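The values are calculated or read from the model by the stated rules, or taken from the named source; none is laboratory data. Model, not experiment: these values are computed from the prediction. Heads up, the Cβs are rebuilt from the backbone with ideal geometry, glycines too, and the neighbour counts pull from every protein chain shown. Side chains are part of the model used for accessible areas, which takes the heavy atoms of the whole protein and leaves out ligands, DNA and RNA. Shrake-Rupley method; radii C 1.70, N 1.55, O 1.52, S 1.80 Å.
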There are 4 protein chains.
Amino acid sequence: MQLGVIGLGRMGLIVVDRLMEAGHNVVAYDLDESTVERVAEAGATPADSVTDLAEKLGEEKRIWLMVPAGKAVDATLADLDPHLGSEDIVVDGGNSHFQRSVERSEATEAAYLDCGTSGGPASAEAGFSLMVGGPQWAYDELVPALDAIATGRAGHDRMGPSGAGHYVKMVHNGVEYALMQTYGEGFELLAEGRYDLDLESVARTWNNGAVIRSWLLELCEEAFREEGVDLGDVDDYVAGGSTGTWTVQEALEQEIALPLIYQALSERFGSRAPDEGRFSRRLANRLRYGFGRHEVARRE
Amino acid sequence: MQLGVIGLGRMGLIVVDRLMEAGHNVVAYDLDESTVERVAEAGATPADSVTDLAEKLGEEKRIWLMVPAGKAVDATLADLDPHLGSEDIVVDGGNSHFQRSVERSEATEAAYLDCGTSGGPASAEAGFSLMVGGPQWAYDELVPALDAIATGRAGHDRMGPSGAGHYVKMVHNGVEYALMQTYGEGFELLAEGRYDLDLESVARTWNNGAVIRSWLLELCEEAFREEGVDLGDVDDYVAGGSTGTWTVQEALEQEIALPLIYQALSERFGSRAPDEGRFSRRLANRLRYGFGRHEVARRE
Amino acid sequence: MQLGVIGLGRMGLIVVDRLMEAGHNVVAYDLDESTVERVAEAGATPADSVTDLAEKLGEEKRIWLMVPAGKAVDATLADLDPHLGSEDIVVDGGNSHFQRSVERSEATEAAYLDCGTSGGPASAEAGFSLMVGGPQWAYDELVPALDAIATGRAGHDRMGPSGAGHYVKMVHNGVEYALMQTYGEGFELLAEGRYDLDLESVARTWNNGAVIRSWLLELCEEAFREEGVDLGDVDDYVAGGSTGTWTVQEALEQEIALPLIYQALSERFGSRAPDEGRFSRRLANRLRYGFGRHEVARRE
Amino acid sequence: MQLGVIGLGRMGLIVVDRLMEAGHNVVAYDLDESTVERVAEAGATPADSVTDLAEKLGEEKRIWLMVPAGKAVDATLADLDPHLGSEDIVVDGGNSHFQRSVERSEATEAAYLDCGTSGGPASAEAGFSLMVGGPQWAYDELVPALDAIATGRAGHDRMGPSGAGHYVKMVHNGVEYALMQTYGEGFELLAEGRYDLDLESVARTWNNGAVIRSWLLELCEEAFREEGVDLGDVDDYVAGGSTGTWTVQEALEQEIALPLIYQALSERFGSRAPDEGRFSRRLANRLRYGFGRHEVARRE
């Protein structure tokens, strides 16, 4: 089938590659012309604007957006809007908030699919996991493309109506934070505990048959192999956090407790504390003097 | 090679099977004679006592214990002790506390290997992950047997000196608790959140290419398939907890914070609260009356 | 001075009483006429509508709202609006969200003070703690009334511009949740730990000289005295939660970790779990079967 | 009555002062002779050894130990032992582990009281809260002295048999950690949140009538007054932790969840992390590269 792909960043390029490898026709557009050219050399039809892309797709347009969540999605949709009708399908493959996706689906005449995409650049070869929300007919229509982008038929499904795809992806990411931090806790105890252990060997042994084996644990093994078992100069600074924050916010609204996911998010915030440290602990330090006349540790 | 296996429970039987399939000779003993007979029919040499097993093994005995952690290990070791010399090797493949393993290794003349075994009965076909602590020569000597019991060469390694195997296994289990609870949190939000989702489909889609794919997530998928996506009559009651407790205790001694693992352990304790509920919450309920005259919820 | 008080619930009545005891003149209004009558008998000037109240106050109106947070505030403000000018002052003494207070302050010509009120009905005699946000001149103007409603001069202050009062009160409540749950944890361990203790005696002994003495601990002592040290039929069900939820939401926005406050809020959510229990634990229960063939606890 | 006091550190001196002010006779001993001399000038009978103190007390000795928990207690008891009989009473007023107190009570012929002492040096004038465990007759015998050392009759009580006093004090300290950290969280959000607040004013306003008023909050107010509302050069480093660790250990043994207290203890451990930061977060940082090719923050 023929698909338009807008956004040729790291993830968008993988989408294009996987579609073309599976024999689909791609019309590609990006703000960066040189990337469009590169993709054209590989066999895609280049477009020099959103309008150009829309025209080249003709009737029954199927368009995959792989642009950064937020304003870029709205800007692209604004450009696309005049060209869209009810027989067209637009997919947002990025990390948009599910409520924004619901609003966008309501604002366009086209069928709008929100598609959570997991696996990251590292999944270029094996394919992604795709969680799709939106009209059934549009999902059905896109199955051949989804088969190509995902790991295969089992790697994608329609989660439910509009928003459900990004909703499931949001929760996926909340879980991801906590899984990462959990492995981190285990390896921290091993690294600083009472034995002198080769953490790469630990990770490899676990990855071969242990209950806790997983892809993230394979990435731990890779990290120890590449950085050394003391993680070298890797800093205690964890960036990101928006999807985890959304997960906690939604759980607050649903009155559901997510203590592990919250704690994992907290560790990120904690890793980004100001230079003088966390105010809460500084106060606790001072309070110990208040009642017990314990010496107050002070910065130099 | 020839191995004695003591303890033919679910895990011990798998050990025997895998050893024999790989062509090793097994002398088998269990308190339950009928199990010994069954194993004998499958090709193992039966022993009718620990002493008998020791005699049948002759010089340079290699003995694998697969008995419940605690008194059963000590009782077996007491029976074995008169038969053991410095050229013999005893492996404890159960979930013993690492400090007990160190003590036991010091109490016997034989080389003592503590072997954390992960994968559980479900790993019968694929093999286990084996984390071994103890003397290098004894580990080297046992490699052919470890190759057979584990998933293969990559599925076992010597973690370090005595105790290191059970230490790594202890931390493995702490991590396991938190991974399970993390997936639980994610699915809880999906189950009770704003979309009506097919959790089996979610789990399957995630298991095919998503960052959070893992064996435990495959078991979630299986659980939803077998129990239904509402988990049917599965109760909010999580048994077990000793290895997770040990992990937290060790981390307290090392002054390392494990908030996610602790929280996962707490959820187990919470699931086993008395019928009248958790005292802490009952007091909070009453305090709200104390200052705000909010109505006190009372049991009938 | 003369004040209008709108809303004669439990808290509003205390406000009226304290104002009149201090010699201030009160014009009182409530939807419930009988309450207005009662207050009139005690010396207040009754009003039979918001308009009536506004007219009776004349120029330079000072009006204290003590109505439930949310729609009731907006409805009252809508009624008041035609009567308000820039020389008038309106105080919202309820638990409104600080952002709503900022919006309301911007929507009215009057000076708008957001006033967090802590102490609850139990503070009728001793007076409240009042955290005020809004224009300095309006705060200064109201000091005599604030002196009367609060514990005295030290019991109120201007926290900052519009919203600051309700902001500080919001955080106060988040702290309150965690303090309550902390005492709860301590008494839970004492109640279920290894000694048979008289918790009322523990609380009383602590309240006399211990580092952790506090008003909430006095309320614990009272609870044990009145309910018995096993808390009798007090249920494991903690209602409420909106201000704690706001606190966590704001902290998410500020990227500040509040693990104790979050946990206290989580315990409330947990106490209100569905009958079949928490999904996360039910899944963990089932997963233990998945890998270890541990028996699955099932509901009858 | 007459009491021997051994240990004239900060707390021991307060005990002596309060006893003498109440008209009791004190025989005092400390390793530091100059402190003994000072106390003698104030009216106490000096002793130049434990034996001397025992002899000066004569029959029916009542001896208060205020020496550091641990070896100092055992060393003092070893010196005292030859002089003790079943009609004598020894009180350990320090922060000993309750199980050590039970063992010590069993090892001596004297009646042994374990006495948790809360309030710290700051309570010199107002008196302490004393939680006593041990034989009823010995407690009764000491009531006049306890009245003097505590805030008065309400400030001490017998919690139960041997160990119960130090048990309740242990839990008290666990609660103390979490209360401190809770106030810390609240003030952290206020300090770094969206308003520019005077935290001293906040604390003072809360201390006058708010639900969360407490002695610890008075100490917060004092801290802001003395250090400035940004806490100046007070470091993010919280020392101590043994009693909190014991509390969590005991709760693990009792299978009771203390998530807030555990978290407070974790913050202390976290504040003492190695220079390169927490391994768990460093691994999470690196894993984000593993799956998403997010840039890895590195130390310089």
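Count charges around residue C:62 for me, please; just the other residues with Cβ under 9 Å from its Cβ, Lys/Arg as +1, Asp/Glu as -1.
Values: positive: C:61; negative: C:60, C:88, C:141.
Overall, the nearby charge balance is -2.
When you look at the Cβ of every residue in D:143-151, what mean number of other chain Cβ atoms sits within 10 Å? Before the final figure, lay out the partial values.
Details: counts 0, 0, 0, 0, 0, 0, 1, 3, 6.
For this peptide, the per-residue mean of nearby foreign Cβ atoms is 1.
Round to the nearest 0.05 the FRET efficiency obtained for residue B:48 and residue D:109 when R0 = 51 Å and r is the Cβ-Cβ distance.
Calculated transfer efficiency: 0.40.
Once amide H atoms are placed 1.01 Å from N in the peptide plane, what residues at a sequence separation of 5 or more from residue A:298, or on another chain, have their amide H within under 5 Å of its amide H?
Correct list: D:235.
Using a 1.4 angstrom probe on the protein heavy atoms only, line up D:11, A:131, C:66 by accessible area, largest first.
Reading off the accessible areas and sorting them downward yields D:11, C:66, A:131.
What list of ³J(HN,Hα) values in whole Hz, one per residue of the range D:191-208 in order, does the Karplus curve 6.51 cos²θ - 1.76 cosθ + 1.60 (θ = phi - 60°) give from phi, with Gly and Pro shown as x?
5, 10, x, 8, 10, 9, 10, 8, 5, 5, 5, 4, 4, 5, 4, 5, 5, 9
For the interface of B with A, what's the total buried accessible surface in square angstrom, probe 1.4 angstrom, rounded to the nearest hundred? Could you put the intermediate results ahead of the total?
Numbers: alone 16900 and 16900 Å², together 27880 Å².
Buried surface at the B/A interface: approximately 5900 Å².
Based on Cβ point charges of +1 for Lys and Arg and -1 for Asp and Glu, what charge dipole magnitude is obtained for the protein assembly as shown about its Cα centre, in debye rounded to the nearest 20?
Here the size comes out at about 0 debye.
What angle, in degrees between 0 and 90 and rounded to the nearest 10, separates the Cα long axis of helix C:71-80 from the longest principal axis of the Cα atoms of chain C?
In chain C, helix C:71-80 runs at an angle near 0 degrees to the longest axis.
Report relative contact order for chain A in percent, whole number only (criteria: Cα-Cα under 8 Å, sequence separation at least 6).
The value is 11 percent.
Using a ≥ b ≥ c from the Cα gyration tensor of the range D:1-68 (square roots of the eigenvalues), is it rounded, prolate or oblate, where a/c under 1.5 gives rounded and otherwise the larger of a/b and b/c decides, a/b for prolate?
The shape class here is rounded.
Residue by residue through the range A:284-300, which ³J(HN,Hα) values in whole Hz follow from phi under the Karplus form 6.51 cos²θ - 1.76 cosθ + 1.60 (θ = phi - 60°), with glycine and proline marked x?
These are the phi-based 3J(HN,Hα) values: 4, 3, 5, 5, 4, 5, x, 9, x, 6, 6, 4, 8, 5, 10, 6, 6 Hz.
When the Cα centres of the range D:5-21 and the range A:6-43 are compared, how far apart do they sit, in Å?
82 Å
From the label point of residue B:22, set 7 Å along Cα to the beta carbon, how far off in nm is each other copy's matching point, shortest first?
Residue B:22 label point versus its equivalents elsewhere: 4.1, 7.2, 8.3 nm.
What does the charge count near residue B:279 come to, summing +1 for each Lys or Arg and -1 for each Asp or Glu among other residues with Cβ under 11 Å from its Cβ?
Numbers: positive: B:278, B:281, B:282, B:286; negative: B:276, C:185, C:188, C:192, C:230, C:236.
Result for the neighbourhood of residue B:279: -2.
At 7 angstrom along the Cα-to-beta-carbon line, where would the label on residue C:272 sit relative to the other copies? Give the distances in nm, shortest first.
Residue C:272 label point versus its equivalents elsewhere: 2.9, 3.0, 4.0 nm.
Over chain A, with every protein chain in place, what whole percent of the accessible area is carbon and sulfur at 1.4 Å, could you tell me?
With neighbouring chains kept in place, the figure for chain A is 43 percent.
Along each principal axis of its Cα atoms, how long is the protein assembly as shown end to end? Whole angstroms, biggest number first, please.
Its Cα atoms span 89, 87, 60 Å along the three principal axes.
Summarise the partner chain shielding of B:155-161 as one whole number: the mean count of Cβ atoms from other chains within 10 Å of each residue's Cβ.
Averaged over the peptide's residues, the number is 5.
Determine, at each q value in 0.13, 0.14, 0.22, 0.26 (inverse angstroms), the log₁₀ of I(q)/I(0) that the Debye formula gives when each Cα of the range B:108-189 is one equal point scatterer.
Results for the range B:108-189 at q = 0.13, 0.14, 0.22, 0.26 Å⁻¹ read -0.46, -0.52, -0.99, -1.19.
What's the ranking of A:51-64, D:91-104 by average number of surrounding C-beta atoms within 10 Å, highest first?
D:91-104, A:51-64
Once you wrap a convex hull around the alpha carbon atoms of the range D:58-180, what is its projected area averaged over all directions, in nm²?
7.4 nm²
Kindly provide the pair-distance distribution of the range B:198-276 built from C-alpha pairs, with 10 Å bins from 0 and whole-percent values in order of increasing distance.
Once binned at 10 Å, the Cα pair distances of the range B:198-276 give 16, 30, 36, 17, 1.
Kindly provide the GluC sites (Glu not before Pro) of the range A:219-293 that DSSP labels as loop, not H, G, I, E or B, and whose Cβ sees at most 16 other Cβ atoms within 10 Å. Write out the running numbers ahead of the final one.
Details: sites: A:221, A:222, A:226, A:227, A:250, A:253, A:255, A:267, A:276; in loops: A:255, A:276.
Within the range A:219-293, the qualifying GluC sites (Glu not before Pro) (loop, at most 16 other Cβ atoms within 10 Å) are A:255, A:276.
Considering only protein heavy atoms, what is the solvent-accessible area of residue D:137 at a probe of 1.4 Å, reported in Å² to the nearest 10?
Accessible surface of residue D:137 is approximately 110 Å².
Each residue of the range A:224-229 in turn: what ³J(HN,Hα) in whole Hz from Karplus with 6.51, -1.76, 1.60 and θ = phi - 60°, glycine and Pro shown as x?
Each residue of the range A:224-229 in turn: 5, 5, 8, 9, x, 6 Hz.
So, R0 is 60 Å and r is the distance between the beta-carbons of residue B:275 and residue D:55; what FRET efficiency does that work out to, to 0.05?
0.55
Taking the Cα-to-Cβ direction at residue A:74 and at residue C:154 and moving 7 Å from each Cα, how far apart do the two end points lie in nm?
5.0 nm
Under 5 Å between amide hydrogens, which residues at least 5 positions from residue C:62 or on another chain qualify, with H placed 1.01 Å from N in the peptide plane?
C:4, C:89
Need one value: the accessible area of residue A:237 in square angstrom, 1.4 angstrom probe, rounded to the nearest 10.
In the full protein context, residue A:237 sits at about 100 Å².
Put a point 7 Å out from Cα along the line to Cβ at residue C:43; what are the distances to that point in the other copies, in nm, shortest first?
Values, ascending and in nm: 5.0, 9.2, 10.1.
Leaving out ligands and nucleic acids, note down the accessible area per residue over the protein assembly as shown with a 1.4 angstrom probe, in whole Å².
With all protein chains present, the protein assembly as shown gives 34 Å² per residue.
Let me make sure I get this right: for the range A:167-220, a, b and c are the square roots of the gyration tensor eigenvalues over alpha carbons, sorted descending. Under 1.5 in a/c it's rounded, otherwise prolate if a/b > b/c, else oblate. Which is it?
Numbers: a/c = 3.47, a/b = 1.78, b/c = 1.95.
Taking the square roots of the gyration eigenvalues as a ≥ b ≥ c, the range A:167-220 is oblate.
I need the calculated FRET efficiency for the pair residue C:136 and residue A:298, taking r as the beta carbon distance and R₀ as 45 Å, to the nearest 0.05.
Numbers: r = 35 Å, r/R0 = 0.79.
Calculated transfer efficiency: 0.80.
Considering every residue in D:269-278, what mean count of other chain Cβ atoms within 10 Å of its Cβ is obtained?
6
Just check the range C:159-300 against the gyration tensor rule for me: Cα atoms, a ≥ b ≥ c as the square roots of the eigenvalues, rounded for a/c under 1.5, and otherwise prolate or oblate depending on whether a/b exceeds b/c. The partial results should precede the final answer.
On the way: a/c = 2.35, a/b = 1.16, b/c = 2.02.
Judged from the Cα gyration tensor, the range C:159-300 comes out oblate (a/c at least 1.5, b/c at or above a/b).
Looking at the axis that maps chain C onto chain A, which chain C residue has the closest Cβ, and how far off is it in Å, rounded to a whole number?
C:262, 3
Can you bin every Cα-Cα distance in chain D into 10 Å intervals starting at zero and give me the percent of pairs per bin, rounded to whole numbers?
So the P(r) values, bin by bin, are 6, 22, 27, 21, 14, 6, 3, 1.
In nm, to one decimal, how far is the modelled label at residue D:86 from the one at residue D:230, with both set 7 Å along Cα→Cβ?
That separation, rounded to one decimal, is 6.8 nm.
Sequence-distant or interchain residues sharing an amide H contact under 5 Å with residue B:28, placed H: which?
Amide H to amide H, under 5 Å and 5 or more residues apart or across chains, residue B:28 pairs with B:5, B:45, B:47.
Compute, for residue A:35, the solvent-accessible surface of its heavy atoms (probe 1.4 Å) with the complete set of protein chains present, and express it in square angstrom to the nearest 10.
10 Å²
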